[in-house]
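J.: Dropping the structure in here first, questions after.
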């Protein structure tokens, strides 16, 4: 019987001596966070959460051997390593701001097969400022991001900054006005299992669209029943223009999701 993808990836972390149990992940989630916030990082952007079925991301992206895959905010590098194992793209790049998480990714890569090591690259950088010229397929785990941070990620993936980009998958819907500015269009809504929603969390697939008018009139794709409520709520919020100073309702929900994730991790320790 073939070993499940995530189990194979977690084997690299275990060989590296990096905890994959709840206590180990909770410790990694909190390490360095206070310092990063003091340095100006958005607190909710540092919340640690992972998808449990990365195969769904690769399927949505149609990830293949000619692609250069980027995970922006790659954490401990689990998805990057899984991409190299399952789809064998030309290159897999993980960009992570938090040094402790980046170091764990490097340690796990060192315990992976040689072909995976050659394929994977990890950078300790700000994902909003990194070089993206060669990125063709991108994943962002933005489940706890506030609206302004999601808009910033859209802007960072404009055709000028990411000219090779053809597809993007996110865990939360991106603000509609930022999509128009970035030349991106919602193409599909799917679902995955995640640490914050093991029974089903939405995934949003965006594709490059050069016709801004067509993107504005694009119909909402069919949504899987299991994530219909959450995906619909997010898309409604994403389509509403931000008209008020301070926290928008979606920002407030983002903070609640952040608190829920942090509470769940705390309960693991």
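Please treat every number below as a calculation from the coordinates, not as lab data. Everything numeric here is computed off the predicted structure, so don't read it as measured data. With ideal geometry, Cβ positions are generated from the backbone for all residues, glycine too; neighbour counts draw on all protein chains shown.
J.: Simple spin-label model, 7 Å along Cα-to-Cβ: residue 110 to residue 193 in nm?
T.: 3.2
J.: Which order, highest average first, do 222-230, 50-58 follow once you tally other Cβ atoms within 10 Å for each residue and take the mean per peptide?
T.: On the way: 222-230: 14.2, 50-58: 20.3.
The packing order, highest mean first, is 50-58, 222-230.
J.: Still on this structure: Could you work out Rg/(2.2 N^0.38 Å) for the stretch 103-181, with Rg from alpha carbons only? Don't skip to the answer; put the middle values down first.
T.: On the way: Rg = 14.4 Å, N = 79, 2.2 N^0.38 = 11.6 Å.
Compared with the compact-globule rule of thumb, the stretch 103-181 sits at 1.25.
J.: Could you tell me what % of all Cα pairs in the stretch 60-144 have separations over 21 Å? Can you show the working numbers first?
T.: On the way: 724 of 3570 pairs.
That fraction is 20 percent.
J.: Sticking with this structure for a sec: Restricting the calculation to Cα positions, tell me the Rg (one decimal) and the Dmax (whole number) of the stretch 61-100 in Å.
T.: Considering the stretch 61-100 through its Cα atoms, Rg and Dmax are 10.1, 31 Å.
J.: Highest first, please rank the peptides 64-71, 139-146, 12-19 by the mean number of other Cβ atoms sitting within 10 Å of their residues.
T.: Details: 64-71: 19.6, 139-146: 24.8, 12-19: 16.9.
Averaged packing, sorted descending, gives the order 139-146, 64-71, 12-19.
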